Amino acid sequence: MSHHHDHDHCHGEATDHDHDHSHDAEADTGLLDSLFGKVAIDKSWCLNESIPGSIQTVFKSWDNRLDTSCFVESDSDEELLIHVVFTGMVKLKSLFVWGGASSSAPRSLRVFANRDDLDFDNVTDAEPTQEIELVMHEQPPEYAVRTAKFNSTRSLTLHVPDNFGADQTT
């Protein structure tokens, strides 16, 4: 059973400020805060993906964030290990992780900042920077991170240990 596990892109939150213009267009905030241009796509990788290199197709601009034509699917079980490299230091405020609304969608996410040494042999025992319980959803939900722990982030490792109950793939 296939599904969409789109690690869409990283995105920051808006800040409060005084001025004379409308805030009606929510997309403008996402566009301004998007870290899409800061992802070193060619240096990012995924372990246990069914199609090698598919992780490099899921990073999307804000305008294309709802495109489900590209996704990552696990190869033999529900576990994935995704390593996202940035072109420089970034301050991460939130993540968009979208797995769709099927039982093969990822259920939890273990997020590690600046850990280039993780693989399936050691990720389970490693202490994540933050753990996030994901939801099945028709639209990509935004998950806030503890910004103090992601102030100087040069890479993220995302461990997807399980899904919502599908036997094989995430």
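The values are calculated or read from the model by the stated rules, or taken from the named source; none is laboratory data. What you are looking at is a predicted structure, and each value in this text was computed from that prediction instead of being measured. Ideal geometry is used to build each Cβ from the backbone, glycine not excepted, and the neighbour counts take in all protein chains shown. Only protein heavy atoms, including side chains, enter the accessible area calculation; ligands, DNA and RNA are left aside. Shrake-Rupley method; radii C 1.70, N 1.55, O 1.52, S 1.80 Å.
Each residue in the stretch 91-103 was checked for being at pLDDT 85 or above and assigned to a loop (DSSP other than H, G, I, E, B), and 4 of them qualify. If I filter the stretch 75-90 for residues that are outside any loop (DSSP other than H, G, I, E, B), closer than 22 Å to Gln139 by Cβ and not aliphatic (A, V, I, L, M), do I get at least one hit? Within the stretch 75-90, not a single residue is outside any loop (DSSP other than H, G, I, E, B), closer than 22 Å to Gln139 by Cβ and not aliphatic (A, V, I, L, M). Give the number of residues within the stretch 98-117 that are open to solvent by 10 Å² or more (accessible area, probe 1.4 Å) and not acidic (Asp, Glu). So the answer is 11. Within the stretch 93-113, residues that are at positive phi reach partners that are open to solvent by 10 Å² or more (accessible area, probe 1.4 Å) and charged (D, E, K, R) with beta carbons closer than 8 Å, at six or more positions or on different chains, in the pairs Gly100/Glu138.
Which residues, taken from the stretch 118-133, are open to solvent by less than 80 Å² (accessible area, probe 1.4 Å) and assigned to a loop (DSSP other than H, G, I, E, B)? The answer is Leu118, Asp119, Phe120, Asn122, Val123, Ala126, Pro128, Thr129. Looking across the stretch 122-154, the residues that are within 28 Å of Asn64 (Cβ to Cβ) and hydrophobic (A, V, I, L, M, F, W, C) come down to Ile132, Leu134, Val135, Met136, Ala144, Val145, Phe150.
The residues of the stretch 138-163 that are surrounded by fewer than 13 Cβ atoms within 10 Å (Cβ to Cβ) and more than 25 Å from Lys38 (Cα to Cα) amount to a single one, Glu138. The residue that is nearest to Phe150 (Cα to Cα), counting only those in the stretch 104-115 that are modelled with pLDDT under 95 and outside any strand (DSSP E or B), is Arg107. Only one entry in Val84, Val72 is over 16 Å from Gly99 (Cα atoms), modelled with pLDDT of 85 or more and crowded, with 19+ Cβ neighbours inside 10 Å, namely Val84.
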